[in-house]
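Notes follow the structure.
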Amino acid sequence: MTDPALSGAAAQLPLALRYPPDQRFETFVGAPPGTLEQVRALAAGAGAGWLLLQGPAGAGKTHLALAACAHAEAQGRRSAFLPLASAAGRLADALAALHELDLIALDGLEAIAGDREDEVALFHFHNRARDAGRDVLYTAREPVAVLGVGLPDLRSRLAACAQLALAPLDDAGRRELLRVRAQRRGLALEDAAIDWLLRRVDRDIAGLTGLLDRLDRASLAAQRRLTVPFLRQVLGGRDRGPGIGDQGPGARG
(Lines give C-alpha, C1' and ligand atoms only; values in the text may rest on other atoms or scores of the structure.)
Protein backbone atom coordinates (compact mmCIF):
# COMPACT_ATOMS: atom_id res chain seq x y z
CA MET A 1 0.00 0.00 0.00
CA THR A 2 1.33 3.40 -0.84
CA ASP A 3 -0.63 5.66 1.48
CA PRO A 4 -0.64 4.87 5.22
CA ALA A 5 -3.84 6.87 5.56
CA LEU A 6 -5.50 4.02 3.70
CA SER A 7 -3.95 1.31 5.88
CA GLY A 8 -7.25 0.47 7.57
CA ALA A 9 -9.04 -0.05 4.28
CA ALA A 10 -6.08 -1.88 2.77
CA ALA A 11 -6.06 -4.31 5.69
CA GLN A 12 -9.38 -5.61 4.40
CA LEU A 13 -7.95 -6.43 0.96
CA PRO A 14 -6.80 -9.93 0.05
CA LEU A 15 -3.11 -10.48 0.64
CA ALA A 16 -2.38 -10.81 -3.09
CA LEU A 17 -3.81 -7.35 -3.77
CA ARG A 18 -1.77 -5.66 -1.08
CA TYR A 19 1.45 -7.56 -1.84
CA PRO A 20 1.74 -8.79 -5.47
CA PRO A 21 2.12 -12.58 -5.85
CA ASP A 22 5.29 -12.08 -7.91
CA GLN A 23 6.93 -10.50 -4.87
CA ARG A 24 7.47 -13.55 -2.66
CA PHE A 25 10.51 -15.23 -1.19
CA GLU A 26 10.03 -18.26 -3.42
CA THR A 27 10.11 -16.10 -6.56
CA PHE A 28 13.27 -14.19 -5.63
CA VAL A 29 16.23 -15.06 -7.83
CA GLY A 30 19.90 -14.52 -7.08
CA ALA A 31 19.83 -13.81 -3.34
CA PRO A 32 23.25 -13.84 -1.62
CA PRO A 33 23.68 -16.80 0.77
CA GLY A 34 21.67 -16.37 3.96
CA THR A 35 19.76 -13.31 2.78
CA LEU A 36 16.34 -14.91 2.35
CA GLU A 37 16.68 -16.70 5.69
CA GLN A 38 17.42 -13.45 7.53
CA VAL A 39 14.59 -11.50 5.92
CA ARG A 40 12.15 -14.40 6.44
CA ALA A 41 13.14 -14.62 10.12
CA LEU A 42 12.54 -10.89 10.54
CA ALA A 43 9.12 -11.21 8.92
CA ALA A 44 8.19 -14.04 11.26
CA GLY A 45 9.31 -12.12 14.34
CA ALA A 46 12.31 -14.34 14.97
CA GLY A 47 15.05 -12.20 13.49
CA ALA A 48 17.38 -9.41 14.53
CA GLY A 49 14.51 -6.92 14.62
CA TRP A 50 16.21 -4.40 12.37
CA LEU A 51 17.45 -4.97 8.84
CA LEU A 52 18.67 -2.63 6.13
CA LEU A 53 18.74 -3.92 2.56
CA GLN A 54 21.20 -1.97 0.43
CA GLY A 55 21.76 -2.11 -3.31
CA PRO A 56 21.26 -0.22 -6.57
CA ALA A 57 17.98 0.00 -8.46
CA GLY A 58 16.93 -3.39 -9.79
CA ALA A 59 18.72 -5.36 -7.08
CA GLY A 60 15.50 -6.65 -5.51
CA LYS A 61 15.12 -4.52 -2.38
CA THR A 62 11.46 -3.73 -2.96
CA HIS A 63 10.77 -7.35 -3.87
CA LEU A 64 12.15 -8.57 -0.54
CA ALA A 65 10.41 -5.82 1.44
CA LEU A 66 7.05 -6.80 -0.07
CA ALA A 67 7.82 -10.49 0.42
CA ALA A 68 8.57 -9.83 4.08
CA CYS A 69 5.24 -8.08 4.58
CA ALA A 70 3.35 -10.88 2.84
CA HIS A 71 5.14 -13.52 4.90
CA ALA A 72 4.48 -11.63 8.13
CA GLU A 73 0.76 -11.49 7.44
CA ALA A 74 0.71 -15.17 6.51
CA GLN A 75 2.12 -15.74 10.01
CA GLY A 76 -0.72 -13.75 11.56
CA ARG A 77 1.32 -10.59 12.05
CA ARG A 78 0.32 -7.06 10.99
CA SER A 79 2.54 -5.37 8.45
CA ALA A 80 2.82 -2.30 6.25
CA PHE A 81 4.95 -1.36 3.27
CA LEU A 82 5.68 2.34 2.82
CA PRO A 83 7.57 3.73 -0.20
CA LEU A 84 9.28 6.70 1.39
CA ALA A 85 9.17 8.66 -1.86
CA SER A 86 5.39 8.81 -1.47
CA ALA A 87 5.70 10.27 2.03
CA ALA A 88 8.61 12.66 1.55
CA GLY A 89 7.90 16.01 3.19
CA ARG A 90 5.15 14.59 5.42
CA LEU A 91 6.85 11.58 6.93
CA ALA A 92 5.78 12.27 10.51
CA ASP A 93 2.11 11.94 9.57
CA ALA A 94 2.72 8.85 7.47
CA LEU A 95 4.64 7.07 10.21
CA ALA A 96 2.02 7.90 12.83
CA ALA A 97 -0.37 5.49 11.10
CA LEU A 98 2.07 2.60 11.47
CA HIS A 99 2.95 2.62 15.15
CA GLU A 100 0.87 -0.41 16.18
CA LEU A 101 2.02 -2.82 13.48
CA ASP A 102 4.34 -5.78 13.97
CA LEU A 103 6.49 -5.28 10.86
CA ILE A 104 7.08 -2.05 8.98
CA ALA A 105 8.99 -1.97 5.69
CA LEU A 106 10.27 1.49 4.76
CA ASP A 107 11.42 1.44 1.16
CA GLY A 108 13.91 3.94 -0.26
CA LEU A 109 15.71 5.87 2.47
CA GLU A 110 17.35 8.03 -0.18
CA ALA A 111 13.98 9.73 -0.75
CA ILE A 112 14.08 11.46 2.64
CA ALA A 113 17.85 11.74 3.18
CA GLY A 114 18.81 15.36 3.69
CA ASP A 115 15.32 16.56 4.66
CA ARG A 116 15.69 17.71 8.25
CA GLU A 117 12.05 17.31 9.28
CA ASP A 118 11.68 13.88 7.71
CA GLU A 119 14.94 12.71 9.26
CA VAL A 120 13.81 13.85 12.72
CA ALA A 121 10.47 12.09 12.20
CA LEU A 122 12.24 8.88 11.19
CA PHE A 123 14.61 9.11 14.16
CA HIS A 124 11.71 9.35 16.61
CA PHE A 125 9.85 6.55 14.81
CA HIS A 126 12.93 4.34 15.03
CA ASN A 127 13.22 4.90 18.77
CA ARG A 128 9.50 4.28 19.39
CA ALA A 129 9.51 1.12 17.30
CA ARG A 130 12.60 -0.19 19.06
CA ASP A 131 11.13 0.50 22.50
CA ALA A 132 7.87 -1.23 21.49
CA GLY A 133 9.66 -4.26 20.06
CA ARG A 134 8.49 -3.66 16.46
CA ASP A 135 10.39 -5.17 13.55
CA VAL A 136 11.57 -2.73 10.89
CA LEU A 137 13.01 -3.33 7.44
CA TYR A 138 14.71 -0.44 5.65
CA THR A 139 15.93 -0.32 2.06
CA ALA A 140 18.39 2.10 0.51
CA ARG A 141 20.26 2.42 -2.75
CA GLU A 142 23.53 3.33 -1.05
CA PRO A 143 25.34 2.41 2.18
CA VAL A 144 24.40 4.52 5.19
CA ALA A 145 27.80 6.25 5.24
CA VAL A 146 27.21 7.81 1.80
CA LEU A 147 23.41 8.00 1.82
CA GLY A 148 23.36 11.70 2.66
CA VAL A 149 21.55 11.46 6.01
CA GLY A 150 22.34 14.68 7.81
CA LEU A 151 21.08 13.89 11.32
CA PRO A 152 23.98 12.17 13.17
CA ASP A 153 21.72 10.32 15.61
CA LEU A 154 19.60 8.88 12.80
CA ARG A 155 22.72 7.94 10.86
CA SER A 156 24.04 6.00 13.85
CA ARG A 157 20.70 4.21 14.33
CA LEU A 158 20.63 3.13 10.69
CA ALA A 159 24.26 2.05 10.77
CA ALA A 160 23.47 -0.17 13.77
CA CYS A 161 20.93 -2.21 11.74
CA ALA A 162 21.97 -5.55 10.34
CA GLN A 163 23.08 -4.79 6.78
CA LEU A 164 22.41 -6.99 3.74
CA ALA A 165 23.85 -6.04 0.34
CA LEU A 166 22.07 -6.96 -2.89
CA ALA A 167 23.28 -6.74 -6.49
CA PRO A 168 21.40 -6.58 -9.79
CA LEU A 169 20.89 -9.86 -11.63
CA ASP A 170 23.34 -11.00 -14.25
CA ASP A 171 22.11 -12.38 -17.57
CA ALA A 172 21.62 -15.88 -16.19
CA GLY A 173 19.63 -14.49 -13.27
CA ARG A 174 17.43 -12.36 -15.53
CA ARG A 175 16.71 -15.45 -17.64
CA GLU A 176 15.72 -17.44 -14.56
CA LEU A 177 13.53 -14.63 -13.21
CA LEU A 178 11.69 -14.36 -16.49
CA ARG A 179 11.16 -18.12 -16.55
CA VAL A 180 9.90 -18.21 -12.94
CA ARG A 181 7.40 -15.40 -13.46
CA ALA A 182 6.16 -16.93 -16.68
CA GLN A 183 5.68 -20.31 -15.00
CA ARG A 184 3.59 -18.70 -12.26
CA ARG A 185 1.18 -17.64 -14.99
CA GLY A 186 1.15 -21.05 -16.62
CA LEU A 187 3.18 -19.74 -19.55
CA ALA A 188 5.76 -21.94 -21.23
CA LEU A 189 8.54 -19.84 -22.71
CA GLU A 190 10.95 -21.48 -25.11
CA ASP A 191 14.62 -20.57 -24.73
CA ALA A 192 14.51 -18.65 -27.99
CA ALA A 193 11.51 -16.65 -26.76
CA ILE A 194 13.28 -15.82 -23.50
CA ASP A 195 16.34 -14.63 -25.41
CA TRP A 196 14.16 -12.50 -27.69
CA LEU A 197 12.40 -10.88 -24.73
CA LEU A 198 15.57 -10.26 -22.74
CA ARG A 199 17.02 -8.29 -25.64
CA ARG A 200 14.02 -5.96 -25.41
CA VAL A 201 13.39 -5.67 -21.65
CA ASP A 202 15.16 -3.07 -19.52
CA ARG A 203 18.17 -4.37 -17.61
CA ASP A 204 16.29 -4.15 -14.29
CA ILE A 205 13.27 -5.95 -15.84
CA ALA A 206 10.96 -3.14 -14.80
CA GLY A 207 7.44 -3.66 -16.06
CA LEU A 208 7.95 -7.41 -16.49
CA THR A 209 4.73 -8.29 -14.67
CA GLY A 210 2.58 -6.15 -16.92
CA LEU A 211 4.36 -7.48 -20.00
CA LEU A 212 3.82 -11.12 -19.02
CA ASP A 213 0.19 -10.44 -18.17
CA ARG A 214 -0.28 -8.91 -21.60
CA LEU A 215 1.36 -11.90 -23.28
CA ASP A 216 -0.79 -14.26 -21.21
CA ARG A 217 -3.98 -12.56 -22.40
CA ALA A 218 -2.80 -12.51 -26.01
CA SER A 219 -1.82 -16.17 -25.90
CA LEU A 220 -5.20 -17.19 -24.49
CA ALA A 221 -7.12 -15.09 -26.99
CA ALA A 222 -5.20 -16.42 -29.98
CA GLN A 223 -4.74 -19.94 -28.60
CA ARG A 224 -1.07 -19.63 -29.51
CA ARG A 225 2.12 -20.65 -27.77
CA LEU A 226 4.65 -17.95 -26.89
CA THR A 227 7.01 -18.46 -29.79
CA VAL A 228 9.27 -15.76 -31.23
CA PRO A 229 6.96 -15.17 -34.25
CA PHE A 230 4.00 -14.74 -31.91
CA LEU A 231 5.97 -12.35 -29.68
CA ARG A 232 6.88 -10.31 -32.73
CA GLN A 233 3.22 -10.19 -33.70
CA VAL A 234 2.03 -9.10 -30.24
CA LEU A 235 4.83 -6.65 -29.49
CA GLY A 236 5.28 -5.29 -32.98
CA GLY A 237 8.75 -6.70 -33.50
CA ARG A 238 10.34 -3.46 -32.36
CA ASP A 239 13.35 -3.14 -30.09
CA ARG A 240 11.03 -1.88 -27.37
CA GLY A 241 7.50 -3.12 -27.69
CA PRO A 242 4.54 -1.23 -26.21
CA GLY A 243 4.62 -1.38 -22.42
CA ILE A 244 8.16 -2.75 -22.18
CA GLY A 245 10.19 -0.85 -19.63
CA ASP A 246 7.22 0.82 -17.93
CA GLN A 247 7.64 0.96 -14.19
CA GLY A 248 5.18 -1.26 -12.37
CA PRO A 249 4.76 -3.72 -9.52
CA GLY A 250 6.94 -6.24 -11.35
CA ALA A 251 10.09 -4.16 -10.91
CA ARG A 252 12.60 -5.76 -8.57
CA GLY A 253 13.41 -2.41 -6.92
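In the stretch 3-37, the qualifying residues are those that are of a type in the set (A, V, I, L, M, F, W, C) and at pLDDT 80 or above, and the one that is surrounded by the fewest Cβ atoms within 10 Å (Cβ to Cβ) is L36. Of all residues in the stretch 62-97, those that are closer than 12 Å to D118 by Cβ and in a loop (DSSP other than H, G, I, E, B) total 4. Within the stretch 118-135, the only residue that satisfies the criterion of being closer than 14 Å to S156 by Cβ and touching an Asp or Glu at 6+ places or on another chain (Cβ under 7 Å) is F123. Step by step: first the residues of the stretch 180-198, then only those that are more than 17 Å from L235 (Cβ to Cβ) and touching a Ser or Thr at 6+ places or on another chain (Cβ under 8 Å), then the one that is least open to solvent (accessible area, probe 1.4 Å). Which residue is that? Going through the qualifying residues, I end up with V180. Evaluating A140 against the criteria (1) within 26 Å of R77 (Cβ to Cβ); (2) free of Cβ contacts under 8 Å to residues at least 40 places away in the same chain leaves one unmet condition, (2).
What residue, among those in the stretch 38-49 that are open to solvent by less than 40 Å² (accessible area, probe 1.4 Å) and either among the β-branched types (V, I, T) or at pLDDT 90 or above (or both), is farthest from the chain's Cα centre (by Cα)? Restricting to residues being open to solvent by less than 40 Å² (accessible area, probe 1.4 Å) and either among the β-branched types (V, I, T) or at pLDDT 90 or above (or both), the top hit is A41. Considering (1) assigned to a loop (DSSP other than H, G, I, E, B); (2) buried (at least 18 other Cβ atoms within 10 Å of the Cβ); (3) without any contact (Cβ under 8 Å) to a residue 24 or more places away in the chain, the lone condition that R224 does not fulfil carries the number (2). A single entry from A121, A72 fulfils the requirement of being more than 21 Å from the chain's Cα centre (by Cα) and small (G, A, S): A121.
State all residues of the stretch 52-107 that are open to solvent by 30 Å² or more (accessible area, probe 1.4 Å), closer than 25 Å to F28 by Cα and among the small types (G, A, S); if no residue qualifies, say none. Residues satisfying the conditions are A57, A74, G76, A85, S86.
For the stretch 108-117, name all the residues that are within 17 Å of S156 (Cβ to Cβ) and crowded, with 21+ Cβ neighbours inside 10 Å. L109, I112, A113, listed by residue number.
Is it the case that T227 is among the hydroxyl-bearing types (S, T, Y) and under 20 Å from A59 (Cβ atoms)? The answer is no for T227. Under 18 Å from L42 (Cβ atoms), touching a His at 6+ places or on another chain (Cβ under 9 Å) and at pLDDT 95 or above - does that describe any residue in the stretch 80-98? No - not one qualifying residue is present in the stretch 80-98.
The values are calculated or read from the model by the stated rules, or taken from the named source; none is laboratory data. All of these numbers come straight from a predicted model, not from anything done at the bench. Methodologically, a virtual Cβ is constructed for each residue, glycine included, from the backbone with ideal geometry; neighbour enumeration extends over all protein chains shown. Ligands, DNA and RNA are stripped out before the accessible areas are found, and what is left, the full protein with its side chains, is counted by its heavy atoms. Shrake-Rupley method; radii C 1.70, N 1.55, O 1.52, S 1.80 Å.
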